[in-house]
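Asker: This is the structure I have questions about; it appears just below.
The values are calculated or read from the model by the stated rules, or taken from the named source; none is laboratory data. Bear in mind that the values here come from a model prediction, so they are computed numbers and not experimental data. Here the Cβ positions follow ideal geometry from the backbone for every residue, glycine too, while neighbour counts run over all protein chains shown.
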Amino acid sequence: MAPPLAELWVYLSATPLLFLTLTLLVYQGAYWIYRRAGFHPLLNPVALSVALLVALLSLTDTPYEVYFGGAQFVHFLLGPATVALAVPLYAQLDKLKHAFWPICGALLAGAVTALVSAVGIAWALGASDLTLLSIAPKSVTTPIAMGIVERLGGLPSLTAVLVVCTGIIGAVGAKYVLDALHIADQSVRGFALGTAAHGIGTARAFQESDEAGAFSGLAMGLCGLVTAVLFPLGVWIVRALP
Amino acid sequence: MLAALTVLLVYQLVGEIAVVALQLPVPGPVVGMALLFVSLMIRGTLPDELRDTAQGLLRHLSLLFVPAGVGVMAHLNRLTNEWLPISVSLVFSTLLTIAVTAIVMRALLARRVKGR
């Protein structure tokens with residue numbers, strides 16, 4: 001006789017295989033929906049996968065730790081993927097040299113605005129210290145943002161969620177903001193999207209034009225690097241204040 | 001692909017070691033990324049294999065965020081309690097960042113053109 005379903009579930013959920021496979025299956029399902037919907041920003045595949053998996057884990061009473069036991073193999077790849085960001089950055093080297101000073105100025109202004117306004121607004125509305133620490137690098141691509149927050153004692157998994165939300169907000173709202181400012185230059189539009197909304201913004205920028213996409217990818221990498229230096233420095237200064 | 005993946009892991013490892021040894025405030029993979037970027041500039045060319053592997057890894061970048069994102073389960077209380085500061089901060093800060101970045105870059109590009 002076949003074992004009861006509950007027993008089979010208990011057996012399978014003790015191995016990494018189940019949740020690793022489930023993560024890949026759910027993501028591909030979510031991506032399929034996203035593509036079918038014409039890449040609508042609100043149907044972001046990460047948001048969709050997370051919602052589906054959270055619902056599934058809640059229904060089966062599976063703790064996050066058990067899920068992560070399997071999903072950690074996917075999570076681990078964030079490290080090499082971050083290193084791999086050097087490759088598109090290098091591929092844009094000519095453009096980088098061409099508009100070097102405008103890029104530096106815009107990057108610094110954007111990275112500081114993102115950090116200060118995120119923390120400032122959340123602080124003014126009464127967010128807790130741990131939330132402030134976790135929301136600060138919200139505009140930076142997830143592997144970098146999580147790495148910084150982890151080192152500073154914040155909540156990396158909360159940061160991951162906030163980063164994804166930021167990407168979706170940026171991808172949806174950028175067109176309206178940039179059109180209102182009458183910004184037509186594709187390099188500027190792309191660079192602003194990548195600075196504020198990392199990879200999800202970059203995916204959106206590529207839908208406008210290849211030039212916007214390339215500058216967005218460049219901004220994503222640079223903003224990650226600059227924030228990785230600026231943010232710990234800022235935290236150090238704030239903690240040193242009496 | 002195996003060689004390129006090894007290169008990425010070696011740079012990450014060197015980055016992690018540098019962070020611990022020099023007490024750097026940035027994550028190890030970020031140092032690895034900077035080192036790889038500098039190495040490529042010194043080398044002057046991008047090996048095809050490394051380009052393909054990096055593209056393959058970055059094409060599915062959003063998948064890699066999913067396990068961490070599911071961690072929201074552990075923070076549902078915090079998100080419900082602090083939904084107002086979190087949501088207002090995310091929306092306004094993101095749109096403001098887009099505006100500031102675009103305005104500064106447009107101004108600097110225009111100034112450079114005029115200066116020549």
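Asker: Quick check: is even one residue across region A:69-91 touching a Pro at 6+ places or on another chain (Cβ under 8 Å), in contact (Cβ under 8 Å) with a residue 12 or more places away in the chain and farther than 23 Å from residue B:56 by Cβ?
Answerer: Checking region A:69-91: at least one residue is touching a Pro at 6+ places or on another chain (Cβ under 8 Å), in contact (Cβ under 8 Å) with a residue 12 or more places away in the chain and farther than 23 Å from residue B:56 by Cβ.
Asker: Would you point out the residue of region A:49-70, among those that are facing another protein chain (nearest Cβ under 7 Å) and surrounded by fewer than 23 Cβ atoms within 10 Å (Cβ to Cβ), that is farthest from residue B:12 (Cα to Cα)?
Answerer: Restricting attention to region A:49-70, the residues satisfying the condition of being facing another protein chain (nearest Cβ under 7 Å) are A:49-50, A:53-54, A:57, A:64, A:67-68.
Going one step further and asking which of them are surrounded by fewer than 23 Cβ atoms within 10 Å (Cβ to Cβ), we end up with A:54, A:57, A:64, A:68.
Details: A:54: 31, A:57: 32, A:64: 27, A:68: 22 Å.
Across region A:49-70, the extreme among qualifying residues is A:57.
Asker: Identify, please: which residue in region B:33-63 is touching a residue at least 24 places away in the same chain (Cβ under 8 Å) and crowded, with 21+ Cβ neighbours inside 10 Å and is, among those, nearest to residue A:74 (Cα to Cα)?
Answerer: Among those residues, the one meeting the criterion is B:57.
Residue-wise test of (1) of a type in the set (Phe, Trp, Tyr); (2) in contact with a helix residue (DSSP H, G or I) (Cβ under 8 Å, 6 or more places away or on another chain); (3) not in a helix (DSSP H, G or I).
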site	(1), (2), (3)
A:7	no, no, no
A:12	no, yes, no
A:18	no, yes, no
A:22	no, yes, no
A:26	no, yes, no
A:31	yes, yes, no
A:35	no, no, no
A:38	no, no, yes
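Asker: Would you confirm, using the coordinates I've provided, whether residue B:80 is among the polar types (S, T, N, Q), surrounded by fewer than 15 Cβ atoms within 10 Å (Cβ to Cβ) and outside any helix (DSSP H, G or I)? Lay out the reasoning, then the answer.
Answerer: Values: among the polar types (S, T, N, Q): yes; surrounded by fewer than 15 Cβ atoms within 10 Å (Cβ to Cβ): yes; outside any helix (DSSP H, G or I): no.
No, not satisfied.
Asker: Picking from A:107, A:115, A:77, which residue would you name as being within 8 Å of chain B (Cβ to nearest Cβ) and either among the small types (Gly, Ala, Ser) or over 17 Å from residue B:29 (Cα atoms) (or both)? Reasoning before the result, please.
Answerer: Values: A:115 fails: within 8 Å of chain B (Cβ to nearest Cβ); A:77 fails: either among the small types (Gly, Ala, Ser) or over 17 Å from residue B:29 (Cα atoms) (or both).
Exactly one residue qualifies, and that residue is A:107.
Asker: Further question on the same structure: Can you find even one residue in region B:19-26 that is more than 8 Å from chain A (Cβ to nearest Cβ), surrounded by fewer than 17 Cβ atoms within 10 Å (Cβ to Cβ) and not in a helix (DSSP H, G or I)?
Answerer: Among the residues of region B:19-26, at least one is more than 8 Å from chain A (Cβ to nearest Cβ), surrounded by fewer than 17 Cβ atoms within 10 Å (Cβ to Cβ) and not in a helix (DSSP H, G or I), which makes the answer yes.
Asker: Filter region A:143-156 down to residues that are more than 16 Å from residue A:128 (Cβ to Cβ) and facing another protein chain (nearest Cβ under 7 Å) and give me whichever is surrounded by the most Cβ atoms within 10 Å (Cβ to Cβ).
Answerer: The initial filter retains those residues of region A:143-156 that are more than 16 Å from residue A:128 (Cβ to Cβ), namely A:143-148, A:150-151, A:156.
Keeping just the survivors that are facing another protein chain (nearest Cβ under 7 Å) gives A:143-144, A:146-148, A:151, A:156.
Working: A:143: 30, A:144: 28, A:146: 28, A:147: 25, A:148: 28, A:151: 19, A:156: 18.
Top of the filtered list is A:143.
Asker: List pairs: first residue in region A:20-48 and at the interface with chain B (Cβ under 9 Å from one of its Cβ atoms), second residue surrounded by 15 or more Cβ atoms within 10 Å (Cβ to Cβ) and not in a helix (DSSP H, G or I) anywhere in the structure, Cβ distance under 7 angstrom, at least six positions apart or on different chains.
Answerer: From region A:20-48, the pairs are A:46/B:65.
Asker: Turning to a different aspect of this structure: Taking the stated definitions as given, is residue A:234 part of a helix (DSSP H, G or I) and under 23 Å from residue B:36 (Cβ atoms)?
Answerer: On the way: part of a helix (DSSP H, G or I): yes; under 23 Å from residue B:36 (Cβ atoms): no.
Against the criterion (part of a helix (DSSP H, G or I) and under 23 Å from residue B:36 (Cβ atoms)), residue A:234 does not qualify.
Residue-by-condition table, conditions (1) over 30 Å from residue A:39 (Cβ atoms); (2) outside any helix (DSSP H, G or I); (3) not acidic (Asp, Glu):
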site	(1), (2), (3)
A:115	no, no, yes
A:123	yes, no, yes
A:126	yes, yes, yes
A:146	no, no, yes
A:154	yes, yes, yes
A:159	no, no, yes
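Asker: Where the second residue is modelled with pLDDT of 95 or more and the first is surrounded by fewer than 17 Cβ atoms within 10 Å (Cβ to Cβ) and lies in region A:177-191, which pairs have Cβ atoms under 7 Å and are six or more apart or on separate chains?
Answerer: What qualifies is A:181/B:99; A:181/B:102; A:181/B:103.
Asker: Right, another one. Criterion first (within 18 Å of residue A:202 (Cβ to Cβ), at pLDDT 95 or above and not assigned by TED's automatic domain parsing to the domain that holds residue A:48) does residue A:111 satisfy it?
Answerer: Numbers: within 18 Å of residue A:202 (Cβ to Cβ): yes; at pLDDT 95 or above: yes; not assigned by TED's automatic domain parsing to the domain that holds residue A:48: yes.
Yes.
Asker: In this structure, is residue B:93 assigned to a helix (DSSP H, G or I), in the same structural domain as residue B:7 (by TED's automatic domain parsing) and either in contact with an Asp or Glu (Cβ under 9 Å, 6 or more places away or on another chain) or among the polar types (S, T, N, Q) (or both)? Talk me through it step by step, then tell me what you get.
Answerer: Values: assigned to a helix (DSSP H, G or I): yes; in the same structural domain as residue B:7 (by TED's automatic domain parsing): no; either in contact with an Asp or Glu (Cβ under 9 Å, 6 or more places away or on another chain) or among the polar types (S, T, N, Q) (or both): yes.
Judged against the criteria, residue B:93 is not a match.
Asker: Another question about this same structure. Considering only residues that are at the interface with chain B (Cβ under 8 Å from one of its Cβ atoms) and without any contact (Cβ under 8 Å) to a residue 12 or more places away in the chain, which ones fall in region A:166-176? Reasoning before the result, please.
Answerer: Just the residues of region A:166-176 that are at the interface with chain B (Cβ under 8 Å from one of its Cβ atoms), to begin with: A:166, A:169-170, A:173-174.
Selection gives A:173 alone.
Asker: Sticking with this structure for a sec: Out of A:184, A:192, A:228, which single residue is out of contact with any strand residue (DSSP E or B) (no Cβ under 8 Å at 6 or more places or on another chain), under 28 Å from residue A:76 (Cβ atoms) and assigned by TED's automatic domain parsing to the domain that holds residue A:127?
Answerer: Values: A:184 fails: under 28 Å from residue A:76 (Cβ atoms); A:192 fails: under 28 Å from residue A:76 (Cβ atoms).
Answer to the check: A:228.
Asker: How many of the residues making up region A:188-209 are at pLDDT 90 or above and over 12 Å from the mean Cα position of the chain (by Cα)? I'd like the intermediate steps shown before the answer.
Answerer: Filtering region A:188-209 for residues at pLDDT 90 or above gives A:188-197.
Subsequent filtering for residues that are over 12 Å from the mean Cα position of the chain (by Cα) retains A:188-193.
Residues that pass the stated criteria total 6.
Asker: Mind checking which residues of region B:52-89 are more than 7 Å from chain A (Cβ to nearest Cβ) and either of a type in the set (S, T, N, Q) or within 17 Å of the chain's Cα centre (by Cα) (or both)?
Answerer: Taking region B:52-89 and keeping what is more than 7 Å from chain A (Cβ to nearest Cβ), we get B:52-53, B:55-56, B:59-60, B:76-77, B:79-81, B:83, B:87.
Those that are more than 7 Å from chain A (Cβ to nearest Cβ) and either of a type in the set (S, T, N, Q) or within 17 Å of the chain's Cα centre (by Cα) (or both): B:53, B:55, B:56, B:59, B:60, B:77, B:80, B:81, B:87.
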